[in-house]
Amino acid sequence: MTEPRLPKPNPQVLFTELDDGTGVLLHLDTKFYFTLNAAAVIVWKSLAEPLAEPGAIAERITSLFRIDHETAARDVDSVLREMLEDGLVLPA
């Protein structure tokens, strides 16, 4: 079974990673800032990987944080859905 393709970062969005592992996105069209926790930063950075899949991102989060795979997978889906709704990413 093939996992769905990931959306792509919107070129009108700037990303800044902070020293504590969190991050900030600035949508240049709307001028809105969005804060990302450390797990969401992993999701964002994974969007640049050509072969990244949601399950692999969830596995990476599971290996770095005290969270089970099922919860991580739900969180990845939720973050991607919110990013899409806010125009931070473009559909695959």
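Derivation of every value follows stated rules applied to the coordinates shown; laboratory data play no part. As the structure is a computational prediction, the values presented were derived from the model and not from experiment. Positions of Cβ are generated from backbone atoms using ideal geometry, with glycine treated the same way; all protein chains shown enter the neighbour counts.
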In whole Hz, with x marking every Gly and Pro, tabulate ³J(HN,Hα) for the stretch 25-39 from phi via Karplus 6.51 cos²θ - 1.76 cosθ + 1.60, θ = phi - 60°. 10, 10, 8, 5, 6, 9, 6, 8, 9, 10, 9, 10, 6, 4, 5
In nm, give the distance between the simple-model label positions of F32 and E85, each being 7 Å from the Cα along the Cα-to-Cβ direction. 1.0
At 4 °C in a medium of viscosity 1.567 mPa s, the chain has a Stokes-Einstein diffusion coefficient, with Rh taken as the Kirkwood radius over alpha carbon pairs, in µm² per second, of 97
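Ranked highest first by average number of other Cβ atoms within 10 Å, how do 67-77, 9-19 line up?
Those peptides, ordered most packed to least, come out 67-77, 9-19.
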Residues with amide H under 5 Å of V89's amide H, sequence separation 5 or more or different chain, H placed in the peptide plane at 1.01 Å from N; which? N10, L84
